[in-house]
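The values are calculated or read from the model by the stated rules, or taken from the named source; none is laboratory data. The model shown is predicted, which means the values in this text are computed figures rather than measured ones. Note that each Cβ is placed from the backbone with ideal geometry, even for glycine, and that neighbours are counted across all protein chains shown.
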């Protein structure tokens, strides 16, 4: 008897994050091996057909895509009980239909943007070496932990001992992110890179 290979159905469930305004929608499919953060319709329109569609919901304020999940930030005046189901159903059918998650060239464009940003900061010599080390530490130790909570942390700048990071996804606007930043990230960076004196954050 011939067996017909069928694609496994898309499963999706939600996970709460430390930030009450964000919810993590987890699928059983790899969506994007990397991180993609969209704070407005404009950037979503440029780079992510999925995020662009999600922004059409009036309560969607931010879309963060990473590995097999999408973290949605909502407007304050909506309750998750009222809006969770439509978003969940939408993501499930979108992924099941095999539609495009991110546009071709997104990763390359982000790398170019980051390189330009670092160049524009005018780092050289010892500072440039320190930045490579700081970025590696954040990527290795910090990112995997915050991704579990549906968020992300990106290095922004280093100036006179102060490291500035950008909070994305669930981390942005999260009440507990300041504690994580000060007790966890700052402590680790100070231990591993003695030149670091302080870590501050900006919302992405």
**Prompt:** Which one of these is part of a helix (DSSP H, G or I) and more than 18 Å from the chain's Cα centre (by Cα): 52, 89?
**Reply:** 89
**Request:** Could you tell me whether region 76-86 includes any residue that is touching a helix residue (DSSP H, G or I) at 6+ places or on another chain (Cβ under 7 Å) and outside the structural domain of residue 143 (by TED's automatic domain parsing)?
**Result:** no
**Request:** Any chance you could count how many residues in region 181-204 are within 25 Å of residue 73 (Cβ to Cβ) and in contact with a strand residue (DSSP E or B) (Cβ under 9 Å, 6 or more places away or on another chain)?
**Result:** 10
**Request:** Say whether the condition of being part of a helix (DSSP H, G or I), modelled with pLDDT under 85 and surrounded by 13 or more Cβ atoms within 10 Å (Cβ to Cβ) is met by at least one residue in region 92-108.
**Result:** no
